[in-house]
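The values are calculated or read from the model by the stated rules, or taken from the named source; none is laboratory data. Here the structure is a predicted model, which means the values were calculated and not measured. Don't worry about glycine lacking a Cβ; one is built from the backbone with ideal geometry, like all the others, and counts go over all protein chains shown. The protein model used for the area step is the full one, side chains on, heavy atoms only, and it has no ligands, DNA or RNA in it. Shrake-Rupley method; radii C 1.70, N 1.55, O 1.52, S 1.80 Å.
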Amino acid sequence: MMPSYGSSITLLWLPTGIAVAALRRWGYGCWWGVALGAIGVDFAIGNPFPLACGIAVGNTLGPLLATVILVRTGFSPKLKRAQDILLLGGAAAIGMLVTATVGVFCLSAGGSLTDGHVRAWLIWWAGDTTGVIAAAPLLFVMNRVELRIILMRRVELVLWVAVIIVVGLGVFVFSSGEKGSPSLMLAFLPLPLIVWGAMRFGPIGTSLAIILFSFCAVFGSATGHGLFARTEPLEGVAILWLFLISCGILGWLVSALDAEKARAVESARLLEQALEEVSLGVLLADKDRRITHLNGGFTRLTGYSEAELLGRSCRILHGPETDPGMAEKLRSSLGQTGIFDGDILNYRKDGTTFWNALLISPIHDAHGELSGFIGIQRDVTDRNASEAALARS
């Protein structure tokens, strides 16, 4: 029932995605399973056994080539980087050149295809490429841990799938696809649902959304309904294929960017936790030397609370006995090199003094411009007292 050319060429062929996923996850040794599956399918739809074997050669070599490209280019099956999505799409497009070329050649040599070779080749290549983008990611990322996380939100998952089915049928089966029809705007409705799946259910949610919408779109086009039904079948096929590819790439890019954001947030959390647990006082200041961030070690060292220090100048720690010469040296060093390393007498909130071993370094933005400073503080009062006693003795 799918838009097809004869019985051997379809617009959406998920087994190519299954083949690529199997070869990438379990190794090249799975090639014989791919070959046997391809022979069985082609023989079952009525192709002579020699023709089925010939087509199976292309259906095996194509996924093998795509897998080799993925392995050689450092592709990660976890799909948590935007570059992995682009690598998968590129490898699929290149590898399926082999399946389409070998398949069309075999059909032509066997007398099953006498004209329209270019159109047949394009549909074959598009169907296999779309199949890889739709099916392979789901099998790459599916594991017990991911499934357990998703099932923790089972109510939301059921609601999400129900909304996808309703929207998919409404947009791609029961709407009108006539040119100029306002219903063409409905093609944008699946996009928020794909983003919903990517943000809430991770890679598996992205794959499920793409596959469900693909099935609805293909079914509607095959039965002459929906947005992509056209008087000229090839026009509808081209629009449908572009839609499926666009949804797949968009969904996976959102999923990858969300994963990168999660990694960045976790990295920032770990860094902040580490700063809180160290005994040294650590603060960040803007280029005007106003405090923008500080850790627990700094509040314990000075006795001030975070609210009392944020937005204030570090001069709040200076007092009557702070050496003016050392304070001027500090300001001069920051103005010239942005670096200061020395001891300065500071005051706590309760008025007691302590010797502060202060190390300040500049912070630059991505363009090399000064954006602020980081300061590390350490109470060396006891050390300085011991050195003074030793000098006197």
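Here are some notes:
- A run of the chain free of exposed loop cleavage sites, with GluC sites (Glu not before Pro) counted only in DSSP states other than H, G, I, E and B and at most 14 other beta carbons within 10 Å, reaches its longest extent at 1-177.
- For segment 72-210, the solvent-accessible area of protein heavy atoms averages 48 Å² per residue (probe radius 1.4 Å; ligands and nucleic acids excluded).
- Length-normalised contact order for the chain - Cα pairs under 8 Å, 6+ apart - percent: 13 percent
- Residues of the chain were split at every exposed loop site, defined as trypsin sites (Lys or Arg not before Pro) in a DSSP loop with at most 16 other C-beta atoms within 10 angstrom, and the longest piece left, sites excluded, is 180-286.
- Gyration tensor verdict on the chain (Cα atoms; rounded if a/c is under 1.5, prolate if a/b is larger than b/c, oblate otherwise): prolate
- Excluding same-chain neighbours fewer than eight residues apart, the aspartates and glutamates reachable from Lys78 by a Cα-Cα span under 15 Å are Glu146, Asp258, Glu260.
- Segment 61-131 and segment 310-326 have their alpha-carbon centroids 68 Å apart.
- Structure-based [θ]222 nm, the chain - -39500 (n - 2.57) summed over DSSP H runs of at least 4, per residue, nearest 500: -21000 deg cm²/dmol
- Under the Debye formula (equal points on every Cα, no solvent term), log10 I(q)/I(0) of segment 266-327 at q = 0.13 Å⁻¹: -0.39
- Among the protein heavy atoms of the chain, carbon and sulfur supply 66% of the accessible surface, probe 1.4 Å, non-protein parts ignored.
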